[in-house]
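Have a look at the structure below, then the notes.
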Amino acid sequence: MKKTLVIAMMLLLTGQAFAQDKKSKSKKMETTEQYTFQLSDKVTRQKVSFKNRYGITLSGDLYLPKNAGNGQLSALAISGAFGAVKQQSSGLYANQMAERGFIALAFDPSYTGESSGEPRNVASPEINTEDFSAAVDFLGLQKNVDRNKIGIIGICGFGGFALNATAIDKRVKAVATTSLYDMTRVMSKGYNDSVTPEQRTKTLEALGQQRWKDAEAGKPADGPRNLPETLKGDEPQFIKEYFDYYRTPRGFHPNSVNSNGAWLMTNPISFMNMPILTYVKEISPRPMLLIAGENAHSRYFSEDIFKAANEPKELIIIPNTVHVDLYDKVDVIPFDKLDAFFKKYLK
């Protein structure tokens with residue numbers, strides 16, 4: 001069973017899962033007002049855009065608390081999960097935090113969703129880390145934001161990028177993650193670091209061959225769909241959990257790579273060679289809050305980062321929850337704790 005889980009995890013993350021379905025529907029994304037949550041009547045939402053230092057235009061939604069007055073507020077940049085868009089988890093988090101008095105920016109990462117960048121549906125440890133700093137750039141230019149009170153929330157794979165950005169970007173005063181994934185670790189080493197050197201070599205050899213195919217074709221090839229159209233019933237539990245969020249009305253969005261598409265075949269290359277979180281200790285003395293589900297398959301990422309990081313740090317394990325519960329279950333996600341954390345440290 002463990003071997004099956006490892007293989008399924010690696011296939012999903014490298015864009016080669018469920019190879020029987022080779023149709024990818026997520027090309028250039030169109031603007032859509034479909035959200036997976038209800039906008040609070042205490043919050044306003046406006047579309048914004050800003051560029052990162054690579055010239056990619058990022059698309060965001062800025063959530064503002066109503067009746068906030070004319071003063072400057074604390075602000076949060078929010079993104080994730082890996083393969084999601086701002087109309088899903090990050091928007092829900094921004095909505096909740098704006099209810100609590102923060103200006104919150106949820107944004108689509110480079111090359112995905114409504115953000116620009118070609119080719120489509122590719123991720124990068126460096127560029128996705130930069131996306132958070134670009135969001136901090138944008139927030140710090142807003143007249144109603146106190147640029148000395150900016151924090152970050154990263155969900156799932158963007159939890160890793162959030163920590164990576166905070167380590168290098170000293171403008172970020174506090175960082176929190178939920179259902180953290182270190183995408184470079186899992187793509188290069190597999191689930192629970194179980195990939196052997198021989199397996200890693202075979203993957204890299206296949207990726208090298210794919211580069212020649214892409215060069216010959218003049219464009220990068222799409223991988224097969226991240227998640228299947230339907231479940232057969234014998235999938236690993238974490239696949240069923242992802243399906244229950246991304247492929248059902250609960251969390252489906254047509255712009256989401258996980259809901260409706262695939263990563264490029266060569267997407268894992270930089271993740272396998274450029275580890276993030278090398279400097280996680282340098283987040284200190286700024287505070288870190290890590291939140292994970294008790295039964296989440298990803299729990300060990302948060303626990304290992306907690307061990308590696310310097311103080312101040314806090315790890316919260318939410319009882320009886322799995323990885324995707326922290327995507328959207330507002331009765332489970334500890335928003336009051338996030339509120340208290342950021343109000344304490346963004347001062």
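The values are calculated or read from the model by the stated rules, or taken from the named source; none is laboratory data. None of these values were measured; they are calculated from a predicted model. Because the Cβ atoms are built from the backbone with ideal geometry, glycine has one as well, and the counts that use them run over all protein chains shown. Heavy atoms of the whole protein, side chains included, go into the accessibility calculation; ligands, DNA and RNA do not. Shrake-Rupley method; radii C 1.70, N 1.55, O 1.52, S 1.80 Å.
Quick notes on this one:
- Of the residues making up region 323-333, one or more are charged (D, E, K, R), surrounded by fewer than 17 Cβ atoms within 10 Å (Cβ to Cβ) and without any contact (Cβ under 8 Å) to a residue 12 or more places away in the chain.
- Restricting region 26-68 to residues that are modelled with pLDDT of 95 or more and among the acidic types (Asp, Glu), the residue that is nearest to ASP182 (Cα to Cα) is ASP61.
- Considered as a group, the residues in region 78-93 that are of a type in the set (A, V, I, L, M) and under 12 Å from the mean Cα position of the chain (by Cα) include one that is nearest to PRO65 (Cα to Cα), and that residue is ILE78.
- Residues that are touching a residue at least 60 places away in the same chain (Cβ under 8 Å), touching an Asp or Glu at 6+ places or on another chain (Cβ under 8 Å) and not in a loop (DSSP other than H, G, I, E, B), drawn from region 205-261: TYR245
- Residue tally, condition under 25 Å from SER116 (Cα atoms), open to solvent by less than 50 Å² (accessible area, probe 1.4 Å) and in contact (Cβ under 8 Å) with a residue 40 or more places away in the chain, over region 34-56: 7
- Condition met for ILE317 (modelled with pLDDT of 95 or more, surrounded by fewer than 21 Cβ atoms within 10 Å (Cβ to Cβ) and not charged (D, E, K, R)): yes
- Applying the criterion of being touching a residue at least 60 places away in the same chain (Cβ under 8 Å), part of a helix (DSSP H, G or I) and more than 15 Å from GLU303 (Cα to Cα) to the residues of region 186-198, the residue that is least open to solvent (accessible area, probe 1.4 Å) is MET187.
- Considering region 301-319, the residues that are in a loop (DSSP other than H, G, I, E, B) and either free of Cβ contacts under 8 Å to residues at least 24 places away in the same chain or touching a strand residue (DSSP E or B) at 6+ places or on another chain (Cβ under 8 Å) (or both) include one that is nearest to GLY160 (Cα to Cα), namely ALA309.
- Qualifying residue in region 237-249 (condition: touching a strand residue (DSSP E or B) at 6+ places or on another chain (Cβ under 7 Å), hydrophobic (A, V, I, L, M, F, W, C) and open to solvent by less than 70 Å² (accessible area, probe 1.4 Å)): no
- Counted residues, region 273-300 - those being open to solvent by less than 70 Å² (accessible area, probe 1.4 Å) and either of a type in the set (Phe, Trp, Tyr) or in contact (Cβ under 8 Å) with a residue 40 or more places away in the chain (or both): 16
- Positions within region 270-300 being within 18 Å of the chain's Cα centre (by Cα), closer than 30 Å to GLU205 by Cβ and in a loop (DSSP other than H, G, I, E, B), in sequence order: MET274, PRO275, ILE276, LEU277, HIS297, SER298
- Condition met for ALA292 (over 21 Å from ASN226 (Cβ atoms) and in contact with a Lys or Arg (Cβ under 6 Å, 6 or more places away or on another chain)): yes
- Look at (1) among the polar types (S, T, N, Q); (2) over 28 Å from THR201 (Cα atoms); (3) buried (at least 19 other Cβ atoms within 10 Å of the Cβ) and you find that THR230 fails only one, number (3).
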